[in-house]
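Structure, as structure tokens:
The values are calculated or read from the model by the stated rules, or taken from the named source; none is laboratory data. Please read these numbers as outputs of a predicted model, since none were measured by experiment. Quick reminder, even Gly has a Cβ in these numbers, built from the backbone with ideal geometry, and neighbours come from all protein chains shown. These accessible areas exclude ligands, DNA and RNA; they are computed on the full protein's heavy atoms, side chains included. Shrake-Rupley method; radii C 1.70, N 1.55, O 1.52, S 1.80 Å.
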Amino acid sequence: MSKHPTVPGIDLKVIRDLLKSHRKTNSRLLLATAIDHMKCPAEDADAFLRELATAGYLDWVGDQPRGKDWDLTDHALRLVADDLGPRITRDAVDSIIATVIDRARTINADATRIARVSELRLFGSALDITRENYGDVDIEANIVIRTSPRDEVALAHAKIAAEVPRSWRNDFFRNLRAEENYDRRNVRTALSRGIKGLSLSENTTEMLGCEYRRIYRFDPDSSEELVPDSAVTPRTTPTPKTADETADARIPARTIIRPLGLATPDEALPSDDIQLSMSDLAYDEATTWLGLTGRDGAYAPLDTNPEPSRRFAGARYLFDEWRDPNLTGLELFQRTLDWASLYDLPISRVDRYFKLRTYRSTRIANFHALRVKRVADRIEAYLVLREREALWDELGGSSHITPRMVAAHHALAVAFGRMLDETRLSGQDNFEAEFDLTAQRSNSYPAMPNLSVTSRNLLRALSRVILPDQVLTEARKRKHEYDPYLPVDREVEIQAYVNGDTGDPMSSISTTIGAEWWDQKPVGVDEHGFEIYELLPGEEDLLDVCDVGSERLEEAVAAIPGCLLLSIRHAAPVSE
């Protein structure tokens, strides 16, 4: 029997994932999270949330002047913290506790870390030693940053600074206190890695006000372990209601209301009056459907006419094949444009040429007037494509916008986001792809190739190429004080493309290793009259990896309809 309230026909993992997503996004409207996470209209999302409220996971607060709709109850917060793994015995619980404590001691003895585990708090069902079995072990970790001994901390700080990834340095907010937050994250990972049945969290006991026992204590200033608690600290909030008690919770007769003035599918409004951002759609739909509560307490629908952008709430569901996770990005792209052509939408009148690119922590797609950016777990794109005269790369725009056009632009943005995800490449990979599917017609379209291993092997091999000592010595003399890297090059690019004359796929490899001022002497001349240079340490292995990678790209170009180019490029700067 589950320790969590159940909802008939709905798996607990589905509920937990939604609530967990809401906690992660910090959205003030759970309806917006449900619309976005479940990819469903406001009416369906609201019906689902009402079921969760009936089960005791949510409290309605929409009639209060707090700018919220639903609050998560203690039952919801407990479910979020549960990994929903198989039941475990008391011996397994004790083993998990002992393992986490041992890891905390190892971390706190590591001179190369600046983060320390000051407390481990055991809470939840594991506090009760009389139970026959347990769902998981709830442990809260309090991770702090030490400041002493100063010399040791300074050395550890410098070591961690060299390990902070470029993605953190390129992000303004992540780069603030990057070393502290990076080590704190690594400590959290080190505590929990590979332990099944462990639910590790931070600040949970204070948030829930639940009982707990400190099973490990450490003073980072004195570097001494303190005596753990022998007794349980009592809860500071009322005991959560049981599932039966929450069944009678007060839920309004309705928690959304259909807005007034929604645009009809082909109703055209001036583009200059509309602003629709992909990342704001769910929130805008939620606020539009939540309605208004007047001073007299009456619940009334929102009139969308004064705000034209709100008139498009829910328009993306006019074409909803993007909700099918089994469609590849290319297939969704083709299906969307085929649907758009049925209504002669402007975006369907352009050729089907587009580019994908990842670089400098950015993943983007360009399709004429549509620009799409894939950022973490969201897609960013402006869905109102305005008309721009005499600009080839701005085709597909219009002076007016209809809900059906919004639906097409939205589905295309999802398709491009899906293609970028299929490559498994991050913004740290320099990747380019070109496609032209104008004349392509197929019963199915494959997913983009997973290029993560190819890219990773390429960068790893490039980083192992070693330049001569005399070159590095001269580079240190030429290095600018503010530049973190030496003025030498280590770059490689592999690409596959369609030969313009024959239509056959081909591949090429390009490397740039050395420096402009380094006059490397050739060691001979080959049979074609080209100079031969001695390979540097690691360079032969790099070329072997390039051969394998370029073959992989060439095979992909041959297999994917309409693919014109695939390219991966890396640079491995040399630091001091």
Could you please tell me the mean projected area of the C-alpha convex hull for region 35-176, averaged over all directions and given in square nanometres to one decimal?
13.8
Say R0 is 51 Å: what FRET efficiency, to the nearest 0.05, do GLU307 and TRP517 get from their beta-carbon distance?
0.25
Please sort 260-266, 430-436 by packing, taking for each peptide the average over its residues of neighbouring beta carbons within 10 angstrom, highest first.
430-436, 260-266
For the chain, what is the relative contact order in percent, using Cα pairs closer than 8 Å and at least 6 residues apart in sequence?
11
In the chain the accessible area split gives carbon plus sulfur, as whole percent at 1.4 Å, a share of 48
Calculate one ³J(HN,Hα) per residue across region 441-456 by plugging θ = phi - 60° into the Karplus curve 6.51 cos²θ - 1.76 cosθ + 1.60, and present them in order as whole Hz with x for glycine and proline.
9, 8, 6, 8, 10, x, 6, 4, x, 6, 10, 5, 5, 4, 5, 5
Can you tell me the accessible area per residue over region 141-233, all protein chains present, probe 1.4 angstrom, in square angstrom?
59
Peptides 75-88, 441-454, 403-416, 477-490: what's the order by average Cβ count within 10 Å, highest mean first?
403-416, 75-88, 441-454, 477-490
Once label points are set 7 Å from the Cα along Cα→Cβ at both ILE129 and ASP338, what is their separation, rounded to one decimal in nm?
6.6
Quick P(r) readout (the chain; Cα-Cα; 20 Å bins; whole %) gives 16, 39, 36, 8, 0
So, taking all protein chains as they sit and a 1.4 Å probe, how much accessible area belongs to ILE215, in Å² rounded to tens?
20
Counting only the backbone N, which residues of region 314-353 are under 13 Å from the spot 7 Å out from the Cα of ALA447 toward its beta-carbon?
325-331
Where the Cα atoms of region 181-234 are projected onto their three principal axes, how long is each span, largest first, in whole Å?
32, 30, 20
In Å², what does the accessible area per residue of region 1-61 work out to with a 1.4 Å probe?
47
Extended-chain gain in nm, criterion 0.36 nm per residue less alpha-carbon gap, ARG378 and ARG424:
15.1 nm
So how far apart, in nm, are the two label points at ASP280 and ASP102 if each is 7 Å from Cα heading toward Cβ?
5.4
At 0.36 nm per residue, minus the direct Cα-Cα distance, what do ALA253 and ARG169 gain on full extension? Give it in nm, one decimal, please.
25.2 nm
Judged on accessible area alone, 1.4 Å probe, highest first, SER341, SER455 line up as SER341, SER455
A chain fully extended from ASN203 to THR293 at 0.36 nm per residue, minus the present Cα-Cα distance, gains in nm 28.9 nm
Grab the DSSP H runs of the chain that are 4 residues or longer, score each as -39,500 (n - 2.57), total them, divide by all residues and round the 222 nm result to the nearest 500 deg cm²/dmol.
-10500 deg cm²/dmol
Show the residues, 5+ positions off or on another chain, whose built amide H is closer than 5 Å to the amide H of ILE10.
none
Each residue of region 91-104 in order: what ³J(HN,Hα) in whole Hz does its phi give by Karplus 6.51 cos²θ - 1.76 cosθ + 1.60, θ = phi - 60°, with x for Gly and Pro?
4, 5, 4, 5, 5, 4, 4, 5, 5, 5, 5, 4, 5, 4
Between GLU534 and ASP44, the two model label points (7 Å from Cα along the beta-carbon direction) sit apart by a distance in nm of 6.7
Hydrodynamic calc, region 480-576: Kirkwood Rh from Cα pairs, then Stokes-Einstein at 10 °C with viscosity 1.306 mPa s, so D in µm² s⁻¹ is 101
Among 538-551, 7-20, how do they line up from the highest to the lowest mean number of other beta-carbon atoms within 10 Å?
538-551, 7-20
From phi via Karplus (6.51, -1.76, 1.60), per-residue ³J(HN,Hα) for region 549-563 in Hz, x at Gly/Pro
x, 5, 5, 4, 5, 5, 4, 5, 4, 5, 8, 9, x, x, 6
Amide H neighbours of HIS400 under 5 Å, at least 5 residues apart or on other chains, H built in the peptide plane: list them.
SER271
With a probe of 1.4 Å, find how much accessible area region 341-500 has per residue, and write the answer as a whole number in Å².
49
For TRP70, enumerate residues with amide H under 5 Å from its amide H, sequence gap 5+ or separate chain, H modeled in the peptide plane.
LEU30, LEU31, VAL61
Report, in listed order, any pair from LYS68/LYS196; LYS24/LYS196; LYS3/LYS24; LYS13/LYS39; LYS20/LYS373; LYS24/LYS373 with a Cα-Cα distance greater than 28 Å.
LYS68/LYS196
In percent, how large is the relative contact order of region 292-414, given Cα pairs closer than 8 Å and 6 or more residues apart?
27
Would you mind getting me the FRET efficiency between SER508 and GLN470? Use the beta-carbon distance for r and R0 = 30 Å, nearest 0.05.
0.45
Restricting to Cα pairs below 8 Å that are 6+ residues apart, what does the relative contact order work out to for region 190-344? Please round to a whole percent.
16
So if R0 is 22 Å, what FRET efficiency would ASP436 and ALA268 give, r being the distance between their Cβ atoms, rounded to the nearest 0.05?
0.15
